[in-house]
Every structure is written in structure tokens, then in C-alpha cells.
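A short write-up of the structure that comes next.
The values are calculated or read from the model by the stated rules, or taken from the named source; none is laboratory data. Computed from a predicted model, the values in this text were never measured in an experiment. We place every Cβ from the backbone using ideal geometry, glycine too, and count neighbours over all the protein chains shown.
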Amino acid sequence: MVVLLDDDTGSLTDIDLQNVVIDVVERFPPILTAHIIADATAADAVLATVPTEEEQELLDRYYYVRLEEGFRLVFTGQFSDTPTTVLGS
């Protein structure tokens, strides 16, 4: 699942993103994988097996977090310094 956020997300925090994922998981169970992105073109790129250089630049800028295995949050792009988080812990 790809979740496209409003592109006016300059004030989001890692906690905000975690809450988005929790909301998505609660509304649409069961979800094992989700990608939280803030740009429609980057949303297409996130599903590419091997992104082009241009797509990778978009991902670096607009791809914020992914849910893996239904419980692990891996922060990416501008949030990549945020440690991996386990939902429910």
C-alpha cells in the first residue's frame, strides 16, 4: 500500500508519521507493507524495482517511512536518522 500525504508536510515529525501508519493499519487491516510518501511521482517510483536516478532523488526528498512485516517502521529520506521503530512497543 502506498499512502500519499498532502504535499504541505514541512512540519511533520517522526511521531506524526508513526501516527499516520497506526491510523492506516487500524483502518485497513491487515497491512504488512505500507509506504508513506508526499509526492505523486515519488509514489509511483517507490514501487519501481530499480528506481532511475531522477526517481531516487524524488524518493530521497518525499519518501518518509515504510511499514515492514506489519509492525516495523523504517524511516527514510529526511527522516533516515530516526531509528527503526516497532509498533506496539
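How about segment 8-18: which of its residues are part of a loop (DSSP other than H, G, I, E, B) and closer than 24 Å to PRO83 by Cβ?
THR9, GLY10, SER11, LEU12, THR13
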**Message:** Here is a check on your reading of the model: is THR49 of a type in the set (S, T, N, Q) and touching a strand residue (DSSP E or B) at 6+ places or on another chain (Cβ under 9 Å)?
**Reply:** no
**Message:** Which numbered condition in (1) within 17 Å of THR76 (Cβ to Cβ); (2) buried (at least 16 other Cβ atoms within 10 Å of the Cβ) is the only one that LEU47 fails?
**Reply:** (2)
**Complete:** Matching residues in segment 48-59 (within 17 Å of ALA34 (Cα to Cα) and more than 11 Å from the chain's Cα centre (by Cα)) number 2
**Complete:** If we ask which residues in segment 50-71 are surrounded by fewer than 15 Cβ atoms within 10 Å (Cβ to Cβ) and hydrophobic (A, V, I, L, M, F, W, C), their number turns out to be 2
**Message:** Among the residues of segment 72-86, are any at pLDDT below 95, surrounded by 12 or more Cβ atoms within 10 Å (Cβ to Cβ) and of a type in the set (Phe, Trp, Tyr)?
**Reply:** yes
**Asked** Across segment 19-69, what is the number of residues that are part of a loop (DSSP other than H, G, I, E, B), in contact (Cβ under 8 Å) with a residue 40 or more places away in the chain and touching a helix residue (DSSP H, G or I) at 6+ places or on another chain (Cβ under 8 Å)?
**Response** 1
**Message:** If THR9 satisfies all but one of (1) surrounded by fewer than 18 Cβ atoms within 10 Å (Cβ to Cβ); (2) at pLDDT 95 or above, what's the number of the condition it fails?
**Reply:** (2)
